[in-house]
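Heads up, the thing below is written out as structure tokens.
Read-outs throughout are calculated quantities, based only on the coordinates presented, and are distinct from any laboratory measurement. Keep in mind that what you see is a predicted model, and the values were worked out from it rather than measured. Glycine also receives a Cβ, built like all others from the backbone with ideal geometry; neighbour counts cover every protein chain displayed.
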Amino acid sequence: MTRILLLAAALAWPTIPAGAQTPVSPRNLYERLICVVPMTGSGTYEDPRRPMFAPADSDRLQARGEAQILGYAYEVSDDGQFALVEFVARDRTAFEPIVNSARSDVRAFRKGTARREEVEAEFGRLKRNVDWNQFWTKFGVNAR
């Protein structure tokens, strides 16, 4: 009887840690790029006001490749001319038009490699009186 109990315990032992693992937060899935980009669009239904490089809903529905932007979250700067954006994509190649942009008013920071102080300094030039602790907890895209 004790042999059976020891055998059952030995077989069950490797499965115990698997149940205790916590899932990855949706805010840490996929590739993410934090940017300062100009606002575009005329504000009509056909051309909504949105950050540059952000796909309109119709564009996002038509694109079916891996190299596409899945989602984005943004806040408009104090003057309304720029957007502080987080873009989310499955593959980093979706960010190539943003990262390789020749425009001087586009600034991109790869999430996980850029320092928080760098991003806060850049965003702070465009948006004053920001509670950074609250900003970082509510800012983000839960893409699936």
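Mind giving me the nanometre distance, one decimal, between the label points for Gln81 and Ala114, set 7 Å out from Cα along Cα→Cβ?
A separation of 1.9 nm, rounded to one decimal place.
Spin-label point model (7 Å from Cα, Cβ direction): what's the Thr2 to Thr22 distance in nm?
4.0 nm
Note down the net charge around Gly43, summing +1 for each Lys or Arg and -1 for each Asp or Glu among other residues with Cβ under 12 Å from its Cβ. Working shown, then result.
Working: positive: Arg49, Arg50; negative: Glu46, Asp47.
Here the count lands on 0.
Taking 4 °C and 1.567 mPa s as the conditions, I'd like the Stokes-Einstein D for region 68-133 in µm²/s, using the Kirkwood hydrodynamic radius from alpha carbon pairs. Each step should come with its number before you reach the end.
Numbers: Rh = 13.1 Å.
D, rounded to a whole number, is 99 µm²/s.
Give, as a single signed number, the net charge of other residues whose beta carbon lies under 13 Å from the beta carbon of Ala83, with Lys and Arg counted +1 and Asp and Glu -1. Don't skip to the answer; put the middle values down first.
On the way: positive: Arg49, Arg50, Arg107, Lys127; negative: Glu75, Asp78, Asp79, Glu86, Asp105, Glu122.
Here the count lands on -2.
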